Amino acid sequence: MLLPFQRGPFRGRTSVSLTLISRFVEEYRSSTPNKLKVIDAYLLYILLTGVFQFLYCVLVGTFPFNSFLSGFIACVGSFILAVCLRIQINPQNKRDFLTVSPERAFADFLFAHTVLHLVVVNFVG
Amino acid sequence: SHDPSENILICLFSLLVLSMVLETQALTPTHHLTTTDVARLQAVLSQPFTDLKSAYYSVVGLSKLGILVADETCQFIKSNLDPSSVESLFYAAEASQALSGCEIPVSNDTRDLLLATVSEDSTASQIHQSVSALSSLGLPLASQEVVSALKARISKEDNVLTIILALQTASRLSQQAELGDILEEIEDLAARLDDLSGVYLQFEEGLETTALFVSAAYALSDHVDMEPPLKEDQVIQLVNSIFSKKSWDSLSEAFSVASAAESLSNNRFHVPVIVSAQGPAAISHSQPFLRLQVTDVLCQPLSSASVLVESASTSSSKSAILSQAPFTLRDEVFELNFMASQPASGYYQFSVAIAGDSRFVANHVELKVKVSTRVAINNMDLSVVDKDQSTGPKTTRVEYPTKAKAPFMADSHQNFAMAFQLVDETTGVELTPHQTFVRLHNQKTGQEVVFVAEPDSKNLYKFELDTTERKTEFDSISGTYALYLMMGDATLENPILWNVADVVLKFLDEEAPSTIQAKTLYTPKPEIQHLFREPEKKPPTVVSNAFTALVLSPFLLLLILWVKLGANISNFTLSPSTFLFHIGHAAMLGLMYVYWTHLNMFQTMKYLAIIGSLTFLAGNRMLAQKAVKRYSNCFKLILLLLSFASTRMESILFRLSESFTFPYKVHYVPFTHHIEN
């Protein structure tokens, strides 16, 4: 992939980053398998939920602090587990996870989620 | 010789004072028998006896205390004697020895019995009893045989009581016998004593054993005329242990204490000295003599002693007032006229030495002596001074114990002042007692305010009252206050409470409180209302609802994205394990909700275990099936490729083999037949 700045000496920074982003999006759209895109959508959802919770805490106050913490930790934990699942499922990483089949990854994901839910529900009060 | 009980009665009860007053550098006894204790010991031993054993303890014990027993006891002993028992003979023989003119008839059989008991096979107690009986009855005995029997006994039974009995027995043998080995046992036994915090030294077996050890050790040491290997400190520690108990559980215990006391007061080597002040160690002009009682452990005065004050110095300055001053003996009490040296009042540290006998142990004693005096107040001047110094002060002199005739007036423009001097009545030396207070007492309200009068550099006491400065103490209440001077000190014999004058204080009226409250500390205080923790402010419902919607909104976004990506459940295999897995998973999520609302962790874990294991098994099955399906697709593909490739390879090889000749012809079977689909 030819890097944008090799084209000429006087490219502006914003246009450089814009080109980068558009390139990245193109690559993503074309080369990522559908399964991973599904997981990516899920990741975005989790992220937004976490952000909105944090926003509430910042704006309104931390009144039931334990509830906020449990919700936030649920978001963070889910995000991490989903990322792990994504890494393990990705066919490009097959060489790193020879002993872990996608089904095994999914089973681990479910088990870890059970534990996370237990903790979160205990703490939400 | 006069009656010892008279001496005992003279020895006064001063144990408490002794323990407070005596400070030790070298060890001095902290516990000793006082006259009352000795009398009590005597009473215990004088109890009417029921059998020969108690008669023995009583008679011999009392004789050790120096008390003679009535001769009727002899009859009792003779009638209770059992000539066939060694023990009985021992008690009778020893008791009769203590009585005057009491003879126990001895037959040949008795003598043979006693001699036969002296052997290695008898216990140490039996050997002791027979040897003592033989010795008391005046019968001959073979000392060397006894020694060898004792040595054999000690080597067989190494306990403390055996060795003590051996020591006692050895002290009754002839001096020509080889008692060296047994004598060494004293040192070994002394090493077995337990040292308790440097004050007590005793056997773990108890008081009686310790007391018996002391009497046995000194008896043997006196007998062979060799000093026992006990250091002075050890002797004092033994004294502390033996005489710390003032009431005795049994007759044998009382006997052992009496015999230990006797041996410690009468042996040839160590005589512990007990020094106690008669009454409190306080001297004043009315009581100029410091009186000390110097006795042995049985409370018998040591008249042969000479008591000397090595040095007497003040507790603070350490400058010696007296040096090498002797006490004079009067009525068995040693006294010294300390006031003759005109000491100033205060506390003095005396270092007293008792000489006169090389056997004295603990004969250096430290004493703290108090010298008290009477105080006189001189030059008590009361004056009212104007603050602006416009007029000179009017001074009135008041003589103790009279009161000033006219009251003094002081308002906000004036100060009230008092000056006086405190001197020793006899010597005129200035004194600074610990407590010099000026008390102002309002007779109407009962209010009192106390100030401290302080001396200046010339030891002149001054007190000044500034009404404006001190108005808070007085609560600005004007009125007549009675002025008292209070004075006290441990070395003053006449503490003073003197109503010197009346003072009328006038404060600015606005500041006076409307109601005069008696300042008491013990009125009920205002009740404290408990404030429960207020719940935190919650945000308005609108805001929280809005944010709830906001937080849930990304879920919609997720669904939209998934639909856009084309996520579907087309791969859903209809098999029981799949159903079970999904139902189980849904049940787990439902359990989470129920946990939040109703359950606690333990119940949740229980249900989770059940549902979880079902879900796990079903899920395992389902995922395995999925995996197999994926692999089997893959596997089929690979096999197909392989078989295709191998058929091509086969045909090539076949043709090649036809063209060349091989040494061995392989029986060829086509590979494809081996594949099972």
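The values are calculated or read from the model by the stated rules, or taken from the named source; none is laboratory data. Please read all numbers here as calculations on a predicted model, not as lab measurements. Note: ideal-geometry Cβ built from the backbone for every residue, glycine included; neighbour counts use all protein chains shown. We work out accessible area using only protein heavy atoms, side chains counted, and drop any ligands, DNA or RNA first. Shrake-Rupley method; radii C 1.70, N 1.55, O 1.52, S 1.80 Å.
For this structure, a couple of remarks:
- 3J(HN,Hα) from dihedral phi, region B:575-580, Karplus parametrisation 6.51/-1.76/1.60, rounded to Hz, x for glycine, proline: 9, x, 5, 5, 4, 4
- Helix B:601-659 axis, angle to chain B major axis (alpha carbon atoms, nearest 10°): 40 degrees
- Here's the picture: charge each Lys and Arg Cβ at +1 and each Asp and Glu Cβ at -1 in the protein assembly as shown, and of B:SER135, B:GLN529, B:PHE350 the one pushed furthest to the positive end of that dipole is B:GLN529.
- In degrees, nearest ten, helix B:541-565 long axis to first principal axis of chain B (Cα): 40 degrees
- Candidates B:MET380, B:VAL551, B:ASN568 compared by Cα position along the dipole of the protein assembly as shown: farthest toward the positive end lies B:ASN568, with charges placed on Cβ.
- In sequence order, region B:151-158 has phi-based couplings of 4, 5, 5, 5, 5, 7, 10, 8 Hz under the Karplus curve 6.51 cos²θ - 1.76 cosθ + 1.60, θ = phi - 60°, and Gly or Pro positions carry x.
- At the residue level, B:LYS626 shows approximately 70 square angstrom of accessible surface with a 1.4 angstrom probe and all protein chains present.
- Each distinct pair of alpha carbons in region B:375-505 adds a 1/r term; the inverse of their mean, the Kirkwood radius, is 15.2 Å.
- For the set B:LYS156/B:LYS231; B:LYS53/B:LYS151; A:LYS35/B:LYS564, the pairs lying more than 24 angstrom apart at their alpha carbons are B:LYS156/B:LYS231; B:LYS53/B:LYS151.
- Long-range HN-HN contacts of B:VAL361 with modeled amide H, under 5 Å: B:VAL271, B:VAL273
- In this structure, the amide hydrogen of B:ALA277, modeled 1.01 Å from its nitrogen in the peptide plane, lies closer than 5 angstrom to those of B:GLN293, counting only residues at least 5 positions away or on a different chain.
- Non-local Lys pairs in region B:370-442, i.e. 8 or more apart or on different chains, that have alpha carbons under 29 Å apart: 4
- Taking amide H positions as modeled 1.01 Å from N, with prolines and chain starts lacking one, the residues under 5 Å from B:PHE327 and 5 or more places away or on another chain are B:VAL307, B:LEU308, B:VAL309.
- Once the Cα atoms are used to define both axes, helix B:160-170 deviates from the longest principal axis of chain B by about 30 degrees.
- Rounded to the nearest 20 debye, the dipole size of region A:33-124 about its Cα centre is 240 debye, using +1 on the Cβ of Lys and Arg and -1 on the Cβ of Asp and Glu.
- If the convex hull is drawn through the Cα atoms of the protein assembly as shown, its volume per residue in Å³: 578 Å³
- The charge dipole of chain B, taken about the Cα centre with unit charges on the Cβ atoms of Lys, Arg (+1) and Asp, Glu (-1), comes to about 5780 debye, rounded to the nearest 20.
- Rounded to the nearest 20 debye, dipole of region B:375-505 from Cβ charges on Lys, Arg, Asp, Glu: 380 debye
- Dipole of the protein assembly as shown, positive direction: furthest Cα of A:ALA107, B:HIS270, A:PHE65, with charges on the beta-carbon: A:ALA107
- Solvent-accessible area, 1.4 Å probe, carbon plus sulfur percent, for region B:35-268: 47 percent
- Fully extending the segment from B:LEU653 to B:LYS151 would add 169.5 nm, taking 0.36 nm per residue of separation and subtracting the current Cα-Cα distance.
- Region A:33-124: relative contact order as a whole-number percent, Cα under 8 Å and 6+ apart: 36 percent
- Those aspartates and glutamates that a straight Cα-Cα span of less than 14 Å connects to B:LYS246, excepting residues fewer than 8 apart in one chain: B:ASP37, B:GLU208
- Residues of region A:36-82 buried by at least 40 Å² on assembly (accessible area, 1.4 Å probe, chain alone as reference): A:VAL38, A:ALA41, A:TYR45, A:PHE52, A:TYR56, A:VAL60, A:PHE63
- Linear extension gain, B:ARG621 paired with B:GLU448, 0.36 nm per residue minus alpha-carbon span: 52.7 nm
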